[in-house]
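> Provided herewith is a single structure, encoded as structure tokens, for subsequent inquiry.
No lab work stands behind these numbers, since they all come straight from the coordinates. Fair warning: this is a prediction, and the values are worked out from it, not measured in the lab. Cβ atoms come from the backbone with ideal geometry, glycine included; neighbour counts cover every protein chain shown.
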Amino acid sequence: MSKKKSRNRLRELRDRSRLTLQEVSTLTGFNVSSVSRHESGDRALSEEAILKYASLYKVHTYELFDLDIGEEEEDNDGE
């Protein structure tokens with residue numbers, strides 16, 4: 001069975017942009033606590049949040065997530 005795991009890349013993108021939590025808060029309109037919780041995954045990202053972060057970091061929305069899609073197990077029993 002394949003398993004799908006996703007992790008957001010918000011912290012990585014913020015670090016790359018050399019922005020502080022306070023600066024991201026100001027630019028997105030989210031409070032600092034929300035930005036921190038978005039980054040840690042403790043708070044789900046709404047559609048609005050995804051669009052705001054993608055715009056801020058100038059990336060496609062899918063680039064906000066690191067998708068690790070498990071490979072389907074192959075049947076290697078010699079058949």
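> Scan region 31-58 for residues that are in a helix (DSSP H, G or I), surrounded by fewer than 16 Cβ atoms within 10 Å (Cβ to Cβ) and either hydrophobic (A, V, I, L, M, F, W, C) or touching a helix residue (DSSP H, G or I) at 6+ places or on another chain (Cβ under 6 Å) (or both) and report the count.
Residues meeting the conditions: 2.
> Considering each of 61, 28 in turn, give the residue that is among the hydroxyl-bearing types (Ser, Thr, Tyr) and crowded, with 17+ Cβ neighbours inside 10 Å.
Details: 61 fails: crowded, with 17+ Cβ neighbours inside 10 Å.
None of the other options fit; the residue is 28.
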